[in-house]
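> Please find one structure pasted underneath; my questions will follow.
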Amino acid sequence: MNDRTEYLPLVIKNENKIRTSVGDIDIEVNSVHEARLAEFDEHDILEEWMENISSEDIVWDIGAGIGVYTTAAGYISNSVYAFEPNPKNYRKTKETIDNNGVDANINNFALGKENTKADLSTEKIDTGTRTQFSDQGEVEVYRGDGLENIPKPDVVKIDVEGSEVEVINGLKGILPNINFLLLEVHGGRHDIRKRGHDRDELHSRINSAGFQIDVLQNVKGGNEHWACKRM
C-alpha cells in the first residue's frame, strides 16, 4: 500500500452519490448528507489506515458508521469485520461495501467492557447520524476479547462516540496482539469525560499495552485521531 498515497479531491457525482479516491481505489457512498462530509476530509487518516493493512491481516472496524473505513480495508484484506449497533448505519455499511464490490462481515452489535444489553439512541446532527447509548432501543454489547466466532484482529479502528475506554477495556485480552490501532478520541458533545474517563487515562492504557501513539489530526469538536503502532 505504500504506493497508494495520492488522493483525488472529493467528487460529487450527482445529488445522491459522492466518491473519494486514494490512488487506484475509489470509495463511493449513496448519500451526501449521511456520508458525514468530514469523513471525506480525512484523507491523511484514511491513508494511514490503509498503509497499515496488509492482505494477510484480520481487520476490525469498531463503530463502522456508514462503512467508509470498512470499505477501504476490504480493498486490501479479505478478512474484514465491522461492528455497528445503529440499525440504520448497519444497513448503510452493508450498502456501501456492496456498492463498492468488497467483502466484509458486518455485525449489528456493539463492543464494550462487558457482555450486556444497552439502550441505543441516535442523535441527528447536521453532518450525519451519531450513535449513543441511551434510552431508545436495546442492542447487544459484547467484550471484544470474548468473541468466539470472529477471528482475533491484527488491525483495529475504533470510532465509538465517547465510549473509547469501555471498548479498550473489552479488548484487554487481545490488545497486546494487535499491531496497529486507529482510534478517534472524542471531545465536544461526545467527550469521554462524560463517561467518567479522560484522555490521559486512555493514553496510559494504550501505551502500557505496548503502543507508541501519534496524534495525527485535531478535528472540529475537540476530536483527535490517534495512530497507535506496536513498539
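No lab work stands behind these numbers, since they all come straight from the coordinates. Given the structure is predicted, the values throughout are model-derived calculations rather than measurements. Methodologically, a virtual Cβ is constructed for each residue, glycine included, from the backbone with ideal geometry; neighbour enumeration extends over all protein chains shown.
> Under 16 Å from the 7 Å Cα→Cβ point of residue 230, by amide nitrogen: which residues of region 47-91?
Hits in region 47-91 for residue 230 at 16 Å: 52-60.
> Determine the gain in length on full extension of the stretch residue 140-residue 78; use 0.36 nm per residue of separation and subtract their C-alpha separation, reporting nm with one decimal.
19.7 nm
> Can you give the FRET efficiency to the nearest 0.05 for residue 56 and residue 212, using r as the Cβ-Cβ distance and R₀ = 30 Å?
According to the calculation, E is roughly 0.85.
> Now, a different point. Here are some pairs, 117/172; 152/194; 92/229; 117/152; 92/152; 117/229; which of them have Cα atoms lying more than 27 Å apart in this structure?
Going by Cα-Cα distance, 152/194; 92/229; 117/229 fall outside the 27 Å limit.
> Give me the extension gain from residue 117 to residue 179: residue separation times 0.36 nm, minus the current Cα-Cα distance, reported in nm with one decimal.
Taking 0.36 nm per residue and subtracting the Cα distance, the gain is 19.4 nm.
> Suppose the chain between residue 91 and residue 150 were pulled fully straight at 0.36 nm per residue; how much longer would it get relative to their current alpha carbon spacing?
19.2 nm
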